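Here is the structure we will look at, set down as structure tokens.
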Amino acid sequence: MKATSFLTSLLFLLSLNTAQGAPGWKALTNDEVHDPTSPAIGILQEPATALALLPSDTSGNRVSWIRALRERYIQPRTNIYPETEIKVLDMDIIMELTGEMPLVRFPHKPHTEWLDCDNCHDKIFIEKVGANPVNMFAILAGEYCGRCHGAVAFPLTECNRCHSVDRATFTGQPGAQPEKKVSELIN
């Protein structure tokens with residue numbers, strides 16, 4: 001299979017988020033998404049074949065997509081238009097309005113390794129401190145982070161992936177953090 005066809009199939013399977021857990025994924029004929037009587041079913045690559053060689057994860061479709069990208073298992077196209085300048089931003093945002101939960105750490109780097117800034121700013125997130133009333137109700141309704149998480153990115157049931165900064169040990173200020181310095185602000 002050509003690399004582009006493989007990548008297209010892989011991204012399509014990722015968008016379905018149909019994995020049910022290691023060691024195996026549901027067959028396309030049994031995943032309740034694909035029509036098992038369609039002649040196209042024989043052309044599609046089974047998730048177990050497409051995803052098994054990628055770095056594993058514990059949730060969602062059981063693939064660690066960030067590891068797959070960084071360890072060069074996959075090499076997605078960075079842009080469609082050659083004039084697009086890719087800007088990987090290694091800066092975190094710490095959000096403090098999280099009730100009793102740990103603070104939220106939003107890491108720009110893994111997001112900008114996949115997406116251009118224009119995908120989120122200013123369509124989903126306004127690039128101004130305090131301008132985005134992000135909360136779990138909105139996220140669960142598909143707004144803000146919920147545009148991708150729970151659909152094509154890890155599911156919203158993985159609370160500790162975002163709520164990852166202990167209030168008791170964080171010594172910095174909420175908001176944008178200096179590039180590559182958050183680890184220094186956690187005792």
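The values are calculated or read from the model by the stated rules, or taken from the named source; none is laboratory data. Note that the structure is a prediction, hence the values are computed from the model and not measured. Note: ideal-geometry Cβ built from the backbone for every residue, glycine included; neighbour counts use all protein chains shown.
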Within the range 57-96, which residues are touching a Ser or Thr at 6+ places or on another chain (Cβ under 6 Å) and farther than 19 Å from A151 by Cα? I86, V88, L89
Across the range 99-128, the tally of residues that are assigned to a helix (DSSP H, G or I) and of a type in the set (F, W, Y) stands at 1
Can you find, within the range 30-56, the residue that is nearest to H149 (Cα to Cα) among those that are of a type in the set (A, V, I, L, M) and not in a loop (DSSP other than H, G, I, E, B)? L51
Using beta carbons and a limit of 7 Å, which pairs, at least six apart or on different chains, have the first residue in the range 110-125 and without any contact (Cβ under 8 Å) to a residue 24 or more places away in the chain and the second one part of a helix (DSSP H, G or I)? I124/Y144; I124/R147; F125/Y144
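For (1) surrounded by 15 or more Cβ atoms within 10 Å (Cβ to Cβ); (2) in contact with a Phe, Trp or Tyr (Cβ under 6 Å, 6 or more places away or on another chain); (3) farther than 20 Å from L156 by Cα; (4) touching a residue at least 12 places away in the same chain (Cβ under 8 Å), each residue gets a yes or a no:
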{"site": "N30", "(1), (2), (3), (4)": "no, no, yes, no"}
{"site": "L51", "(1), (2), (3), (4)": "yes, no, yes, yes"}
{"site": "M91", "(1), (2), (3), (4)": "yes, no, yes, yes"}
{"site": "E100", "(1), (2), (3), (4)": "no, no, no, no"}
{"site": "P107", "(1), (2), (3), (4)": "yes, no, no, yes"}
For the range 66-78, state whether one or more residues are among the β-branched types (V, I, T), surrounded by 14 or more Cβ atoms within 10 Å (Cβ to Cβ), at pLDDT below 90 and under 18 Å from the mean Cα position of the chain (by Cα). no
Of everything in the range 130-170, what is under 18 Å from P107 (Cβ atoms) and of a type in the set (F, W, Y)? Give them in sequence order. Y144, F154, F170
Tally up the residues in the range 86-103 that are touching a helix residue (DSSP H, G or I) at 6+ places or on another chain (Cβ under 9 Å), of a type in the set (A, V, I, L, M, F, W, C) and under 18 Å from A168 (Cα atoms), please. 4
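For the range 98-116, does any single residue satisfy the condition of being among the hydrophobic types (A, V, I, L, M, F, W, C) and closer than 29 Å to V33 by Cα? Outline the logic, then answer.
Let us first name the residues in the range 98-116 that are among the hydrophobic types (A, V, I, L, M, F, W, C), namely 101, 103-104, 106, 114-115.
Add one more test, that the residue is closer than 29 Å to V33 by Cα, and what stays is 114-115.
Yes, the range 98-116 contains at least one residue that is among the hydrophobic types (A, V, I, L, M, F, W, C) and closer than 29 Å to V33 by Cα.
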Could you grab me the full set of residues in the range 175-187 that are buried (at least 16 other Cβ atoms within 10 Å of the Cβ) and modelled with pLDDT of 90 or more? Q177
Return the residue satisfying two criteria in turn: it lies in the range 147-159 and is outside any loop (DSSP other than H, G, I, E, B) and closer than 17 Å to R62 by Cβ, and of such residues it is modelled with the lowest pLDDT. A153
So E127, is it exposed (fewer than 11 other Cβ atoms within 10 Å of the Cβ), assigned by TED's automatic domain parsing to the domain that holds T171 and either farther than 21 Å from E158 by Cα or among the acidic types (D, E) (or both): yes
Here are some conditions: (1) more than 16 Å from the chain's Cα centre (by Cα); (2) of a type in the set (S, T, Y); (3) modelled with pLDDT under 90. T37 meets all but one. Which one does it not meet? (3)
